[in-house]
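The values are calculated or read from the model by the stated rules, or taken from the named source; none is laboratory data. Because the structure is a prediction, the values reported are computed rather than measured. Here the Cβ positions follow ideal geometry from the backbone for every residue, glycine too, while neighbour counts run over all protein chains shown.
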Amino acid sequence: MLKATALIDLILPASCLLCSDQAARDGLCLDCHADLPWLDGPHCPRCAIPTPLGEVCGDCLQHPPAFDRSYAALCYQWPVDALIGHLKYGGDWSLAHPLGAWLAHIATADHCAPDCLIAMPLHPARQKLRGFNQSLEIAKVLARQWRRPIHPSIERLVDTPSAAGAHREDRARQVKGAFRLRQPLSGQRVVLVDDVMTTGATANECAAAIKAAGAAEVEVWVVARTLKRGGMGNPAG
Ligand SMILES: [Zn+2]
Ligand SMILES: [Zn+2]
């Protein structure tokens, strides 16, 4: 079903990204779309990690995050991990559109529209190296769907290393003070968009900065959620 070689040849708008059949939905054929590792079971409303009955998880009870809710479309596993890797490290930013569409796919009428979106910023040095911010490209898909603006005035002051192998406490130390808002967000409901949530520490630090700027509420929307705690082997925070 999934061909690794298909990853080499991703920019074929009429073809499925994964099997080269005709694309029918958001860059995939219907079979591959259905086979994606959707994270659609019960999960912690705060951090989107699966929990048996959809209750708040132990980590969020013990250390309530600065964000109010999280939504993740997919599990961070094959083929999502490969596609996100290809987007970030292979420089194929055309993948941001299908990934954004898969994230937008989980939004229902129950989701109250935010006042604005914020894309998880990259440090300027990293953005210069990569040429684009994958989270901003993904956020643009949601912004178009919700007809809401992307708030531009956030900056990343610290270029943090990959979270691979980091535990949440280590990651929290690495990202401490990493974000700053240049304009107030008084009373606004903000959706923070990122590609992957691993330990949740980066989203937590960013949400804390957004709240410090006056936001009333912060939801985190990520394409994929790492299910294993501790961020082992994953390239995001
Ligand atoms: Zn397919
Ligand atoms: Zn949780």
Which of the strands (runs of 3 or more DSSP E) found entirely inside the range 94-197 contain at least 3 residues meeting this: within 22 Å of Leu74 (Cβ to Cβ) and assigned by TED's automatic domain parsing to the domain that holds Ala72?
116-119, 189-197
Here is a list of conditions, (1) within 13 Å of ligand 2 (Cβ to nearest atom); (2) closer than 30 Å to Ala212 by Cβ, and Ala73 meets all of them except one; can you say which number that is?
(1)
In this structure, does Cys47 turn out to be at pLDDT 95 or above, within 16 Å of ligand 2 (Cβ to nearest atom), surrounded by 14 or more Cβ atoms within 10 Å (Cβ to Cβ) and outside any helix (DSSP H, G or I)?
yes
Return the only residue of Asp35, Asp81 being farther than 29 Å from Gly177 by Cα, surrounded by fewer than 20 Cβ atoms within 10 Å (Cβ to Cβ) and acidic (Asp, Glu).
Asp35
Meets criteria (within 22 Å of Cys57 (Cβ to Cβ) and either out of contact with any Ser or Thr (no Cβ under 7 Å at 6 or more places or on another chain) or outside any helix (DSSP H, G or I) (or both)) for Ala203:
yes
Can you tell me which residue among Leu39, Leu30, Leu103 is closer than 22 Å to Glu137 by Cα and either within 16 Å of ligand 1 (Cβ to nearest atom) or in contact with a helix residue (DSSP H, G or I) (Cβ under 9 Å, 6 or more places away or on another chain) (or both)?
Leu103
Residue in the range 50-61 that is hydrophobic (A, V, I, L, M, F, W, C), part of a loop (DSSP other than H, G, I, E, B) and under 30 Å from Arg130 (Cα atoms) present
no
